[in-house]
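To keep things clear, I will list the structure first and then write my remarks on it.
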Amino acid sequence: DAGVTQSPTHLIKTRGQQVTLRCSPKSGHDTVSWYQQALGQGPQFIFQYYEEEERQRGNFPDRFSGHQYPNYSSELNVNALLLGDSALYLCASSFRRVNTEAFFGQGTRLTVV
Amino acid sequence: AQTVTQSQPEMSVQEAETVTLSCTYDTSESDYYLFWYKQPPSRQMILVIRQEAYKQQNATENRFSVNFQKAAKSFSLKISDSQLGDAAMYFCAIYNFNKFYFGSGTKLNVKP
């Protein structure tokens with residue numbers, strides 16, 4: 001049983017560009033949450049998707065958007081990249097009815113230059 | 001608002017000895033869960049231990065145990081018989097409303 005998988009593992013983008021990060025949840029999970037972890041800090045909640053809709057959102061600008069597909073996989077899109085968007089982006093999956101058991105992917109390291 | 005504070009940015013322990021990592025939190029909610037996650041250089045967040053706030057009994061998982069003081073809003077992690085593989089960043093987190101609120105982490109060094 002594959003756990004939570006994220007792609008790519010690393011990428012480098014130029015300021016002003018757009019980026020898409022992908023997450024496949026653990027088998028049986030229907031909820032996907034995204035977190036941003038800046039260097040030396042704890043992860044910060046970006047948003048959560050369930051039933052293909054954004055259910056909750058943290059304190060992030062509209063440049064951050066997402067999507068969830070019928071197979072529960074999810075994408076995180078960031079437009080107009082800023083240097084400050086450089087971070088580790090973590091995806092966490094869970095099953096809505098047992099929502100206290102979340103599993104994290106290995107993250108995508110985004111560097112904006 | 002939920003906040004989690006880890007006041008020890010870095011700690012060191014000798015192999016085979018015991019170390020305690022501190023965590024305090026603030027929440028107005030009565031129903032929540034507390035977690036300790038380990039993040040090695042591989043970056044993946046690995047669940048160490050979980051505590052339901054409504055349970056008075058402290059959670060234990062093998063060499064890992066917590067001291068949960070609900071009134072004081074304190075949730076410390078004790079690692080017994082420390083091993084080299086325990087070296088990592090450790091994050092304390094509170095979970096409610098389907099999302100985590102993390103502290104800033106404690107880097108644990110294990111000396112052979």
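The values are calculated or read from the model by the stated rules, or taken from the named source; none is laboratory data. Computed from a prediction, not measured in an experiment: that's the story for all the values here. Methodologically, a virtual Cβ is constructed for each residue, glycine included, from the backbone with ideal geometry; neighbour enumeration extends over all protein chains shown. For the accessible areas, the whole protein counts, side chains as well, though only heavy atoms, and no ligand, DNA or RNA atoms are used. Shrake-Rupley method; radii C 1.70, N 1.55, O 1.52, S 1.80 Å.
Miscellaneous remarks
- Within 10 Å of the Cβ of each residue in B:94-105, the mean number of Cβ atoms contributed by other protein chains is 6.
- Taking amide H as placed 1.01 Å from N in the peptide plane, the amide H of A:Gly107 sits under 5 Å from that of A:Gln6, A:Cys91, each at least 5 places away or on another chain.
- Under 12 Å, Cβ to Cβ, from B:Leu84 - net charge with Lys/Arg +1 and Asp/Glu -1: -2
- Per residue solvent-accessible surface (Å²) - the protein assembly as shown, probe of 1.4 Å: 48 Å²
- Distant-in-sequence amide contacts of B:Gln8, defined by a placed amide H-H separation under 5 Å and a gap of 5 or more residues or a different chain, comprise B:Ser22.
- Here the Karplus relation 6.51 cos²θ - 1.76 cosθ + 1.60, evaluated at θ = phi - 60°, turns the backbone of the stretch A:23-39 into coupling constants of 9, 10, x, 4, 4, x, 8, 10, 10, 10, 10, 10, 10, 10, 10, 6, 4 Hz, with x for every Gly and Pro.
- Of B:Asn62, B:Leu34, B:Leu21, farthest towards positive along the dipole that unit charges on Lys, Arg, Asp, Glu beta carbons give chain B: B:Leu34
- Separation in nanometres of the label points that stand 7 Å from Cα toward Cβ, at A:His10 and B:Glu29: 3.6 nm
- Accessible surface buried upon A-B contact (total; probe 1.4 Å; Å², nearest 100): 1800 Å²
- With K and R counted +1 and D and E -1, the other residues having a Cβ less than 14 Å from that of A:Ile46 yield a net charge of 0.
- Carbon-plus-sulfur accessible fraction, the stretch B:3-111 (probe radius 1.4 Å, protein heavy atoms only): 46%.
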